[in-house]
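Below: the structure, in structure tokens.
The values are calculated or read from the model by the stated rules, or taken from the named source; none is laboratory data. What you are looking at is a predicted structure, and each value in this text was computed from that prediction instead of being measured. Glycine gets a Cβ as well: all are built from the backbone with ideal geometry, and neighbour counts include every protein chain shown.
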Amino acid sequence: MTPELILLGLVVLTALAFDFTNGFHDTANAMATSIATRALTPKAAVTLSAVLNLVGAFLSVEVALTVTNSVIKIQNADGSPKGEFLAGGGHLLLVILLAGLAGAITWNLLTWLFGLPSSSSHALFGGLIGSTLAAVGPNAVKWIGTGAKLDGVIGKVVLPALFAPVIAGIVAATGTWLVMRLSRTISQRYANAGFKWGQIGTASLVSLSHGTNDAQKTMGVITLALIGAGMWHDTHAIPWEVKVACAIAIALGTFLGGWRIIRTMGKGLVEISPPQGVAAESSSACVILASSQLGFALSTTHVATGSIMGTGLGAPGGKVRWRVAGRMVIAWLITLPCAGAVGALMYLLDPLLGPIWGPIVIFGIMVGLALWMFLHSRRDIVDPHNVNDEWEPTTPAPEKASV
């Protein structure tokens, strides 16, 4: 087995590991509100979400093609794959991908450890951009598109990150206000029962749209790896084997359930009711599905969080825990640079240690960091049994002293 083939295997394995972490990191986007309102039991919610993520991964390839074509310059002027900025050959591209994925996985697990719903998508793009900058320089990154086309990192990643959560929040706030007014004439008992069934339907739609958007990002990365290894040459198509592998990986991660982040989004941000849950999930699904068809590799986490905050603002007497929201926004702002810094540092190990040991050490460091964070998480376990505990436990009133 040649060193290049071993490197390709490490990249594909790491990409599928990222897809797995993406699944459990983002389960909350679809199911946090349904679990919080008890429309679904925790295990039933993650099982349903996993199945629909699996199905959604096959519905479109636009986002996968964005990853393949709109982040790193791998094409020559005539459109043929290789790229003047990656003239170092397949090894260079494969190491860039491996280091970038290592940065993304490290950031995903770190934010999961702290229960912060940061963006897996931005962690991936940050890692890839960081490793590319360290390897080749800024000219190898597609910052903006050509001509009037909305393309590149700015058009396909940054602008959607700015606008999508705002749009989702406005839609959710408006929807919540309307739903609350319309449900005034309905018995609270029947309204809540109906809204819980509505939550199951809308949460299912979010899960389907999440698979359509997020699973494809890993498909794009693996396709890039195959291009670097000379095993694929079409930058406008995805091998079917890659589609199947990525769909299964994200579904397994979703089934595992990222309970720490589910708890933060379901209980920590807004005390959510069934009508708010329907409004939040409906707006999230609409924004994500529309963006997927346009090829925008947006953060489903940003969209879902914006929707949940919108329901808190739109509900009469609704309350948003701004301190928790502030922590989330800080995590959003530093995701790209932090994942990029890790990706860049990981890449520098390759020229330092050589083409054989460099990738092996990168992979080993990533596994070691992942194991450390997993063991650290066992000190404070969040699981299906306590995910719905009160976010701010009420302290009992002091008993009056007997006379």
Q. Is it true that some residue in the stretch 264-274 is among the aliphatic types (A, V, I, L, M), surrounded by 24 or more Cβ atoms within 10 Å (Cβ to Cβ) and modelled with pLDDT of 85 or more?
A. yes
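Count, please, the residues in the stretch 238-278 that happen to be in contact with a Leu (Cβ under 8 Å, 6 or more places away or on another chain) and assigned to a helix (DSSP H, G or I). Steps first, answer last, please.
Taking the stretch 238-278 as the starting set, the residues that turn out to be in contact with a Leu (Cβ under 8 Å, 6 or more places away or on another chain) are 238-239, 242, 245-251, 260-261, 264.
So of that shortlist, the ones also assigned to a helix (DSSP H, G or I) come out as 242, 245-251, 260-261, 264.
Final tally of qualifying residues: 11.
Evaluate the following for L59: is it modelled with pLDDT under 70, over 17 Å from the mean Cα position of the chain (by Cα) and surrounded by fewer than 18 Cβ atoms within 10 Å (Cβ to Cβ)?
Working: modelled with pLDDT under 70: no; over 17 Å from the mean Cα position of the chain (by Cα): yes; surrounded by fewer than 18 Cβ atoms within 10 Å (Cβ to Cβ): yes.
Spelling it out, it is not the case that L59 is modelled with pLDDT under 70, over 17 Å from the mean Cα position of the chain (by Cα) and surrounded by fewer than 18 Cβ atoms within 10 Å (Cβ to Cβ).
Give the residue that is surrounded by the most Cβ atoms within 10 Å (Cβ to Cβ), with candidates limited to residues of the stretch 207-262 that are touching a Cys at 6+ places or on another chain (Cβ under 6 Å) and more than 24 Å from K43 (Cα to Cα).
Going through the stretch 207-262, the residues touching a Cys at 6+ places or on another chain (Cβ under 6 Å) turn out to be 215, 218-219.
The next check asks that each one be more than 24 Å from K43 (Cα to Cα); those that pass are 218-219.
On the way: T218: 30, M219: 27.
Here the answer is T218.
Quickly run through the stretch 14-43 and pick out the residues that are polar (S, T, N, Q), over 11 Å from the mean Cα position of the chain (by Cα) and at pLDDT 85 or above.
Narrowing the stretch 14-43 to residues polar (S, T, N, Q): 14, 21-22, 27, 29, 33-34, 37, 41.
If we keep only those that are over 11 Å from the mean Cα position of the chain (by Cα) too, we end up with 14, 33-34, 37, 41.
Result: T14, S34, T41.
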(Q) Residue under question is G230, and the condition is that it be outside any helix (DSSP H, G or I), more than 30 Å from D380 (Cα to Cα), of a type outside the set (A, V, I, L, M) and touching a residue at least 60 places away in the same chain (Cβ under 8 Å); does it hold? (A) yes
Q: Could you please tell me which pairs satisfy a Cβ distance under 7 Å, a separation of 6+ or placement on different chains, a first residue in the stretch 47-71 that is under 18 Å from T21 (Cα atoms), and a second residue that is part of a helix (DSSP H, G or I) and at pLDDT below 70?
A: none
Q: Report yes if S131 is of a type in the set (S, T, N, Q), modelled with pLDDT of 85 or more and within 30 Å of V367 (Cβ to Cβ), otherwise no.
A: yes
Q) If we keep just the residues of the stretch 313-344 that are free of Cβ contacts under 8 Å to residues at least 40 places away in the same chain and farther than 16 Å from S299 by Cα, which is surrounded by the most Cβ atoms within 10 Å (Cβ to Cβ)? A) W322
Q. Hey, any hits in the stretch 373-382 for a residue that's at pLDDT 90 or above and basic (K, R)?
A. yes
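Which one of A102, A140, A148 is over 14 Å from the mean Cα position of the chain (by Cα), more than 30 Å from R378 (Cα to Cα) and modelled with pLDDT of 80 or more? Give the steps one after another, and end with the answer.
Details: A102 fails: more than 30 Å from R378 (Cα to Cα); A148 fails: modelled with pLDDT of 80 or more.
Answer to the check: A140.
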Q: With respect to T202, determine if the residue is assigned to a helix (DSSP H, G or I), touching an Asp or Glu at 6+ places or on another chain (Cβ under 6 Å), at pLDDT 80 or above and under 16 Å from A32 (Cα atoms).
A: yes
